[in-house]
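Only one structure is covered here, and it is reproduced in the block below.
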Amino acid sequence: MEGSTAVARVLTPRKLRTKRGHQNSRVTTYCRTLRLGKKDFGCPYNLRPSNYSGDICLRSGDGDGDSKRYAEEVVRKNPDLELVEAGPLALGHGVKGRIVHMNFKAKRKEKSVVETYFAELTITNRDAVVVNRVANLGSTDSLPEIADTDACLYCCSHNNIHHPDSYLHPFRCGRERHLATLTYQVKQLHDFITKGEQLVGFNPRFSHPGVKYISKHSRWKKQLSEILEPEDRDLTEHANLALSLFNGLEGKNFVLVKIGDYEELRFTRLGTVIHFNFEAVNQDYPGDLVQTFFAEVICTTEFLFADFCKCLGPSVLLPGEVALHGCLICSLIHHPPGLGYLTGQEYVEDS
């Protein structure tokens, strides 16, 4: 079952003018455009699916001329290595040029053991090759047949490039665009609510099923409870919001059963990002097994924004070992493979 992710797209209101040529107030402009009363103020956002991989992944190669040339460049800057074989590579867009992720086989001089390496390079607009990172993945014979891409979006279209542990060897994974998209969405929602709260009886309706407005009164009560009991966060509202997103996109009818573990991280200009697991059942099929879900919810003082939710399968079949899939935010939460949620790798600096 695919993950559910959505992007809120702002609809710019038309500029309406009165017969006298004066521009109407911003409130009236929004209300006329959306055909809503002032006390039932609709949020100008539509739900449309997003596919981040299509924007980032370019193509992959496998031992072609480019792969050999890049591997030779890496070995040239690491004189203790002797190239044995150039492996697969993947290309993607980066801030300073094309990003190359690749594997190659090499052995240290005066040693016979062949080892596999991971390398990240940047190809500038002038075709200069810059080696960013090189990581030893160990003996080639010890690597699994199916490569672990560690949630890298540059290598999302193929699983034949082995990646190092992102904790020990941080690498650019292509999530910078995802962070920029979410930051833009959060800013638009914030601006909309800030302007709307100047109205009397402001009560926004969101077409996005993963967004919920927090009124000023509820906002004050929520802040007070978090001050009094900072470690006791109730995620029932967050889980129901994530299920609303999942059910709306997948056409399902799951209801919440139990909240699991959660972990959180504060992102600058975004809010508090919470990753958590929960259990739910499909009301349309009462005899089905209880399913475990992973969700990401962005929390601000003004709204909750569930931007990702995915079913991980029956709870009884969930492995005992937690799969983080490259997430630097968490250590206890079961994550799905692939893309669509933040991992904390978005802040890896360009070198």
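The values are calculated or read from the model by the stated rules, or taken from the named source; none is laboratory data. Not measured: the values here are computed from a predicted model. Neighbour counts are summed over all protein chains in view; Cβ atoms, including those assigned to glycine, are modelled from backbone coordinates with ideal geometry. Ligands, DNA and RNA are excluded from the accessible area calculation, which covers all protein heavy atoms including side chains. Shrake-Rupley method; radii C 1.70, N 1.55, O 1.52, S 1.80 Å.
What the table below lists for this structure:
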quantity	calculated
Counted residues, the stretch 82-116 - those being on the phi > 0 side of the Ramachandran plot and touching a residue at least 12 places away in the same chain (Cβ under 8 Å)	1
The lone exception for Gly326 - which of (1) open to solvent by 10 Å² or more (accessible area, probe 1.4 Å); (2) in contact with an Asp or Glu (Cβ under 6 Å, 6 or more places away or on another chain) it fails	(1)
Any hit, the stretch 235-252, residues being at pLDDT below 85, farther than 22 Å from Leu332 by Cα and open to solvent by 50 Å² or more (accessible area, probe 1.4 Å)	yes
Answer residue from the stretch 286-306, given it is within 26 Å of Tyr213 (Cα to Cα) and of a type in the set (Ser, Thr, Tyr) and is least open to solvent (accessible area, probe 1.4 Å) among those	Thr300
Residue in the stretch 129-139 that is of a type in the set (Gly, Ala, Ser) and more than 23 Å from Arg69 (Cα to Cα) present	no
Among residues of the stretch 120-160, those that are touching a Lys or Arg at 6+ places or on another chain (Cβ under 7 Å) and either farther than 19 Å from Gly326 by Cβ or of a type outside the set (Asp, Glu) (or both), counted	6
Thr116 being among the β-branched types (Val, Ile, Thr) and surrounded by 21 or more Cβ atoms within 10 Å (Cβ to Cβ)	yes
Any hit, the stretch 299-317, residues being among the aromatic types (Phe, Trp, Tyr), in contact with a Ser or Thr (Cβ under 8 Å, 6 or more places away or on another chain) and either touching a residue at least 40 places away in the same chain (Cβ under 8 Å) or under 28 Å from Arg205 (Cα atoms) (or both)	yes
Residues located in the stretch 108-141, provided they are touching a strand residue (DSSP E or B) at 6+ places or on another chain (Cβ under 9 Å) and among the hydroxyl-bearing types (Ser, Thr, Tyr)	Thr116, Tyr117, Thr122, Thr124, Ser139, Thr140
Residue match in the stretch 262-279 (condition: closer than 16 Å to Leu312 by Cα and surrounded by fewer than 16 Cβ atoms within 10 Å (Cβ to Cβ))	no
Any hit, the stretch 53-70, residues being at pLDDT below 80, within 30 Å of Tyr213 (Cβ to Cβ) and aliphatic (A, V, I, L, M)	no
Matching option when the condition is closer than 16 Å to Ile329 by Cβ and at pLDDT below 95, among Phe276, Phe308	Phe308
Inter-residue pairs, beta-carbon under 7 Å, first open to solvent by 70 Å² or more (accessible area, probe 1.4 Å) and in the stretch 67-81, second β-branched (Val, Ile, Thr), 6+ apart	Lys77/Val131
Candidates Leu339, Leu312, filtered to the one that is touching a Cys at 6+ places or on another chain (Cβ under 7 Å) and open to solvent by 40 Å² or more (accessible area, probe 1.4 Å)	Leu339
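Per-residue answers, yes or no, for (1) out of contact with any helix residue (DSSP H, G or I) (no Cβ under 6 Å at 6 or more places or on another chain); (2) touching a residue at least 60 places away in the same chain (Cβ under 8 Å); (3) basic (Lys, Arg); (4) closer than 19 Å to Cys152 by Cα:
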position: Asn247; (1), (2), (3), (4): yes, no, no, no
position: Glu250; (1), (2), (3), (4): yes, yes, no, no
position: Phe267; (1), (2), (3), (4): yes, yes, no, no
position: Thr292; (1), (2), (3), (4): no, no, no, no
position: Cys330; (1), (2), (3), (4): yes, yes, no, yes
position: Gly340; (1), (2), (3), (4): yes, yes, no, yes
